[in-house]
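Data block below; observations after.
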Amino acid sequence: MPGWMFDSVALIDYYHNRTAVAPYFEMILNGQATGAYSTITELELWQGIRAGEEERHEAMLALLERVPLDGAIARRAGELRRRIGLDNLSLPDAAIAASAELTGRVLLTRNTRDFAALKTLMDIELYGD
């Protein structure tokens, strides 16, 4: 059964009803796949939330498993940044990627710019409209 780690862009796209990400959520809702998000992704989402959107965001996140940041993820994120280059991979993106890798999930994003350098190191599924 496929398992995805949704990055912030993927969750924002789903929240805004962008069609390219919908099939992934449909598979989760139908029990054909699993989904997760990093606590870093949760932080990124909540910094941009508007008044009155809290309940809808909570409902979206309830469909997925939260992966907390721990020591193993922190160390792997640091290794990824050293390997890729500090200027080529942000700390939040490194933590999200490490969360995907260490939980055996495929990172799901349409953010080719920020995750392009990782494409040769890990499973990343790019979707687009």
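The values are calculated or read from the model by the stated rules, or taken from the named source; none is laboratory data. The model shown is predicted, which means the values in this text are computed figures rather than measured ones. Positions of Cβ are generated from backbone atoms using ideal geometry, with glycine treated the same way; all protein chains shown enter the neighbour counts.
Residue pairs whose Cβ atoms lie under 7 Å apart, sitting 6 or more positions apart in sequence or on different chains, and linking a residue in segment 52-75 that is part of a helix (DSSP H, G or I) to a partner that is polar (S, T, N, Q) and modelled with pLDDT of 95 or more, are ILE73/SER99. Which one is farthest from ASP70 (Cα to Cα), of the residues in segment 92-126 that are at pLDDT 85 or above and among the hydroxyl-bearing types (Ser, Thr, Tyr)? Across segment 92-126, the extreme among qualifying residues is THR109. Say whether the condition of being within 24 Å of TYR14 (Cβ to Cβ), at pLDDT 90 or above, of a type outside the set (Phe, Trp, Tyr) and loosely packed, with under 10 Cβ neighbours inside 10 Å is met by at least one residue in segment 83-90. Within segment 83-90, none of the residues are within 24 Å of TYR14 (Cβ to Cβ), at pLDDT 90 or above, of a type outside the set (Phe, Trp, Tyr) and loosely packed, with under 10 Cβ neighbours inside 10 Å. Number of residues in segment 47-77 that are over 14 Å from ALA36 (Cα atoms), out of contact with any helix residue (DSSP H, G or I) (no Cβ under 9 Å at 6 or more places or on another chain) and small (Gly, Ala, Ser) equals 3.
When segment 1-32 is filtered for residues that are over 12 Å from MET60 (Cβ atoms), among the acidic types (Asp, Glu) and within 12 Å of the chain's Cα centre (by Cα), only ASP7 remains.
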